[in-house]
1. Of the listed values [x] 22, 20, 13; [y] 21, 14, 11; [z] 22, 19, 9, grab the one calculated as semi-axes √(5λ) of the Cα gyration tensor in Å from the structure here.
2. Go through Val64, Val19, Thr77 and say which Cα lies farthest out towards the positive end of the charge dipole of the chain; charges sit on Cβ, +1 for Lys and Arg, -1 for Asp and Glu.
3. Between Pro80, Pro52, Pro34, find the one with the highest GNM mean-square fluctuation for the chain; connect C-alpha pairs within less than 10 Å.
4. Give me the extension gain from Trp33 to Leu18: residue separation times 0.36 nm, minus the current Cα-Cα distance, reported in nm with one decimal.
5. Would you please give the residues with an amide H less than 5 Å from that of Asp9, counting only those at least 5 places away or on a separate chain, with H modeled from the backbone geometry?
6. Between Arg59, Arg68, Arg29, find the one with the highest GNM mean-square fluctuation for the chain; connect C-alpha pairs within less than 10 Å.
7. Across segment 54-61, in residue order, what do the Karplus-derived ³J(HN,Hα) couplings come to in whole Hz, using 6.51 cos²θ - 1.76 cosθ + 1.60 with θ = phi - 60° and x for Gly and Pro?
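We did not get these values from a lab; they are worked out from the coordinates using the rules stated. Everything numeric in this text was worked out from a predicted model, so none of it was measured. Cβ: placed from backbone, ideal geometry, glycine included. Neighbour counts: every protein chain shown.
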Amino acid sequence: MGSKFRTKDVNIGVPARLVEQKLYDLTLRLPYWPETLASVTELHHQLVYIHPYKNGNGRWSRFVANIRQVMTTETITVWPHAEMTSDSRSG
């Protein structure tokens, strides 16, 4: 996972030129979302949809969603390790 947003369009996510704006818009809306597990799920979905990085979007979106979940529901999701760490590009 890189520290810079992608600069080229990929087959998933918003066009590269919209990544920063979509993330910014999401940060403006997020404080008004209910503090529920459903909103954590929606956050994860939105982050994957925006797809800001060339690689590592799944790991990053799960990490951010877990932070939001702990902050708002005081619970945490334990993601299945084997399925989450395999490299989907290899097969």
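1. [z]
2. Farthest towards the positive pole: Val19.
3. So, out of Pro80, Pro52, Pro34, the one fluctuating most is Pro80.
4. Gain on stretching Trp33 to Leu18: 3.2 nm.
5. Ala16
6. Maximum among the listed residues: Arg29.
7. 5, 8, x, 5, x, 4, 5, 5
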